[in-house]
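Beneath this line is the structure, given in structure tokens, with notes to follow.
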Amino acid sequence: MSLFVTELRRLGKRRLTRLMLVLLLVGLATVATAFSFSSHKLSPDVVAAAQAESDAQYKRSVEDWKRTVTDCEAAQARGEQTEERFGPNCGKDYQPQPEMFDPKWNLPYQFDFRAEFPTFIAVFAGAVALFAFIVGASFVGAEWNTGGMMNLLLWRPRRLAVLGTKLAALLTTVLGVTVVLGALWTAAFWLIGTSRGTTAKTTAGVWRSIGLDGLRAVALVLVVGAVAFALASLGRHTAMALGAAVAVFAISEIGIRIAVGVLSVPFGERYVLSTYAQSWFMKQAELFDYDTCQFAKGACEPAKYVVTWEQSALVFGVGAVAALVGAFWTMRRRDIS
Amino acid sequence: MSAVLEIEGLRKTYRSRKRGVRHALDGFDMRVEAGQVHGFLGPNGSGKTTTLRTLLGLIRPNGGRMAILGQELPHALPTVAGRVGAIVESPQFFPHFSARDTLGLLAQAGELPRQRVDEVLELVGLRDRAGERVKTYSLGMKQRLAVASALLKNPKLLILDEPANGLDPGGIREMRGLMRGLAESGMTVVLSSHILGEIQLICDSVTIISLGRRVAFGPVEEVLAAHSQGTVRVRLEAVSDLPQAAETLTRSGIRVATSEADHLMLSGVDKPAEVSRLLAEQGLYVSELTPVAVDLESVFLELTATAPVPGQHRQVDQSAKVDQTGTAGGWGA
């Protein structure tokens, strides 16, 4: 237990941890603040103003239409050809209708907590996952690099216990940060919803769904932190994790996309990692193969491939377990020099 | 006297496709008695640090037996780790932590009282700089911090790898006093160093390693005595005659240990008069013929065959592997 508390303290004392936490807080606060300015509460006055604007637009449009019809009839009376210029029947069939001037189009943007907050959970998860990756990789990478790990092993020679305790301290810290900031993030958007948007229809079922999205975000953040920790431990350097991340991004997001495009692989994006991240948050990702359609023959329903969140869990889970098993195995087997 | 540290037939082999097989430790033996300050000497790449790392569980050996405080390693390492303080090679600490933070975290990991941190900071002379970041420390201050971290546990066995590295002369003297004081308080100290004068001054016994094998061991005075017999310094009237003198003596079975610019050092000379006679027969006239009392440095250079030779550049692994003979009292003797 003392080692666990020590590692929590060590992680908290690290300059990078504090710097990244400040950057994360500033980033999230900036997003929330900027977003709050873009949302406007739809008060009865604002709705009435939008309705009045729509009515005015409708009236202007009708007057324009009447003037056009009159001009057309005058031209016909002069014996001129009007069909090309005014359309058939002087455009009488195209009289503007009131429903074509929906007041909604004149309303300012209003944040709808129920409909839009899940997207902001994904944004939050992305930011905290980046924090977890950098802090996780650096926590163990810098320890190896500066000799801290060796010093610690002279005190606690049980290698697996030391690495496991460090991982536990990292995940506990990341979990704590995610839960606390997640609560603040939810409160901030609830506040934006109540003061400058709407929180209507946020039923218990909606909160349950938001809770599940939150759990998915927490799981992703923990997996990212653990993988970064494992990679840096495997390479005994922070740069190993950062290098691996760049390599995976380059291979998955660029290399594979180009390859499946060139080879015309059906549903090629199922081999791209970000598809699984998207599916994890959106519960599923739908991929379409438009090559199966011949649009010249009319409307077509393209072939569909669905990546489920369960498949995402499998991909990320297997990746994380493989990295962690590798890290612990090398910790046990490799000499420390 | 009971042994605090015992090593028998320790082997560590590195295999590489490019460089082939290298035996870092090749059946190395070592024994350190309780309450001693024991010098552990060897040229660069001889296996000193590998031995210490293996003892401390950082390197997995390929064979042999190790025991600390009567407990077999590596099995009992977690049990004895609390009674062994160590620094291995250059001191390495997280640069952005202060000395107090660094030691505080170690003390917490080792479940030691917080006041122990202040005690060791005082002991190594870092009390007034303890709040500063380690990255602002000089090498000598980092070395003091490393010694403080090793002393934190108040260990029974203290293993220090080059503790005087980077210390100023005053610091070296303080370190010498500290080692002596610790030994007098009952602590056993194993000291790896290249400052052989220091080792000779403060150590009760030594082990010398070369190419992964022990080449000498025992109390310092016995090691010196065993290698000081028959060492003679010879100067000639004409310096230009030294090469011919060296050749003549070598031909007659006398070992020329070193050939300096203005003199020769001979070893294994029973009768100095014989040297004088042999040279005179060749028309070479001696201006000085002095029996030399050897110091640890010359013994070390002789045993490890690492004395510099004019015009040659010795490579790191060029040192002697001697049959395991030594003075009495060592493990396996």
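The values are calculated or read from the model by the stated rules, or taken from the named source; none is laboratory data. Please read these numbers as outputs of a predicted model, since none were measured by experiment. Here the Cβ positions follow ideal geometry from the backbone for every residue, glycine too, while neighbour counts run over all protein chains shown. Note: areas computed on protein heavy atoms with side chains; ligands, DNA, RNA excluded. Shrake-Rupley method; radii C 1.70, N 1.55, O 1.52, S 1.80 Å.
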Max mean-square fluctuation residue, GNM over chain A, Cα-Cα springs under 10 Å, options A:Gly182, A:Gly147, A:Gly136: A:Gly147
On C-alpha positions alone, give me the angle between the axis of helix B:139-151 and the longest principal axis of chain B, in degrees, nearest 10. 60 degrees
Starting from the Cα gyration tensor of segment B:232-292, multiply each eigenvalue by 5, take the square root, and state the resulting semi-axes largest first in whole Å. 14, 13, 11
Please work out the Cα convex hull volume for segment A:147-214 and give it in Å³ per residue. 108 Å³
In segment A:295-337, what residues drop by 50 Å² or more in accessible surface going from the chain by itself to the full protein assembly, probe 1.4 Å? A:Asp335
So for R0 = 35 Å, FRET eff. of B:Glu221-B:Asp262 from the Cβ-Cβ r, to 0.05, ends up at 0.70
Which helices count as membrane-span-like in chain A under these terms: full DSSP H, at least 24 Å along the axis by C-alpha, Kyte-Doolittle mean of 1.0 or more? A:15-38, A:113-146, A:159-196, A:204-235
If each of A:Ala247 and B:Arg19 carries a label point 7 Å out from its Cα toward its Cβ, how far apart are those two points in nm? 2.3 nm
Determine the distance separating the Cα centre of segment A:250-305 from the Cα centre of segment B:1-68; give it in Å without decimals. 59 Å
Mind jotting down the distance between the C-alpha centroids of segment B:217-269 and segment A:22-63, whole Å? 99 Å
Counting only DSSP loop positions in segment A:5-99, the GluC sites (Glu not before Pro) whose Cβ has at most 15 other Cβ atoms within 10 Å are A:Glu80
To the nearest 0.05, what FRET efficiency results for A:Glu83 and A:Val47 with a Förster distance of 56 Å applied to their C-beta separation? 0.85
Computed Rg/Rh of segment B:47-137, alpha carbon atoms with Kirkwood Rh: 1.04
Just the number, please: buried accessible area between B and A, total of both chains, 1.4 angstrom probe, nearest 100 square angstrom. 2800 Å²
Of the listed links B:Lys12/B:Lys135; A:Lys104/A:Lys201; A:Lys104/A:Lys297, those spanning more than 26 angstrom between alpha carbons are B:Lys12/B:Lys135; A:Lys104/A:Lys297
Radius of gyration and Dmax over the Cα atoms of the protein assembly as shown, both given in Å: 39.8, 149
Return the distance in nm (one decimal) between the two label points of a simple spin-label model at A:Glu301 and A:Met1, each offset 7 Å from Cα along Cα→Cβ. 6.2 nm
In whole percent, how big is the carbon plus sulfur part of the accessible area of segment B:3-225, probe 1.4 Å, protein atoms only? 47 percent
How much FRET efficiency would the formula 1/(1 + (r/R0)^6) give for A:Leu215 and B:Arg11, where r is the Cβ-Cβ distance and R0 is 56 Å, rounded to 0.05? 0.60
